[in-house]
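Written below as structure tokens is the structure these notes are about.
Every read-out reported here was derived from the displayed coordinates using simple, explicitly stated rules and does not represent laboratory data. Everything quoted here is computed from the prediction, not taken from an experiment. Virtual Cβ from ideal backbone geometry, glycine too; neighbours counted across all protein chains shown.
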Amino acid sequence: MADLGISAGQRVAVVWDASSPKEALTCLVEKLRALTGSEDLVSVENLSQLLQSAHKESSFDVILSGMVPGSTTLHSPEALAEMARILRPGGCLFLKEPVETAVVNHSKVKTASKLCSALTLSGLVELKELQREALSSEEVQSVREHLDYQSDGLLALQMAGRKPNFEVGSSHQLKLSVARNTPSGKPTVDPAAAKLWTLSANDMDDDSMDLLDSDELLDPEDLKKPDPASLRAASCGEATKRKACKNCTCGLAEELEKEKSKEEQKSSQPKSACGNCYLGDAFRCASCPYLGMPAFKPGDKVLLTNSHLQDA
């Protein structure tokens, strides 16, 4: 454990699962207690119960997960996020997990790149690959028993990651250099920096100044007048009941106004309400406006103009 940088006084968490051999787990915990100098500084956690643990954030300096010899632990994104939460700022996570060397669709075992992505998404930085080796025969058997997985392209990958030197959700007040003697209290501006963003009239005649003509940024297509039909919104008027917007600019309001005036004009014209008008003059009354007009089919709506009414 000396190569992991664990020293006396550090709080260490050992995360294990069902694939971890008990004898190897006990031996690892004893070595860690000897390095830290106290039994209370080493905590042993089951991976399946880690999310239900009562550890506060920033509780451990070092976390070892899947590091028990013979373990074939798979780490979920939720478990990695919880480990990052209980790590103190600047603390380290040492992790070991079997990975696939080939891309396999819908595989429960990650590739090395996916494992690095999962560690990054959990909030860890400065990821390092410490060791990559073939699985032992005991580890291959453990993958079959505990993970129900079989592949010839598995490797044991050992990674290390560090938590940033700040806690998630922490805040710090920024100190701004504000001149107290200024009545407005506005920050002072460096004259050299202000000069970089200043353009004077003399600069317009300076050949070294690279100035662009705004008209050169336009293409010939930009200068063409657009087709009014192309300016109409795609969804405008496509509903069952067409309705123009309050500030309609596509022409739908004018079109609906014309249709409305046509409907009002038709409704203002007199309509026949007699049930015998369609039979002909023999069945029409003396004041019928259809006198002199040929018979028409039942159900047809015959509209009379004002001229017909005057003639009648």
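Annotations for the structure displayed:
- Applying 0.36 nm per residue to the separation of Cys250 and Leu121 and subtracting their alpha-carbon distance, the gain on full extension is 41.7 nm.
- The modelled label-to-label distance for the pair Ala282/Glu216, using points 7 Å beyond Cα in the direction of Cβ, is 9.1 nm.
- Zone of Ser151's modelled label, taken as backbone nitrogen in segment 108-130 under 17 Å from a point 7 Å along Cα→Cβ: 108-119
- Given their separation in residues at 0.36 nm each and the Cα-Cα distance between them, Ala54 and His172 gain 39.8 nm when the chain is fully extended.
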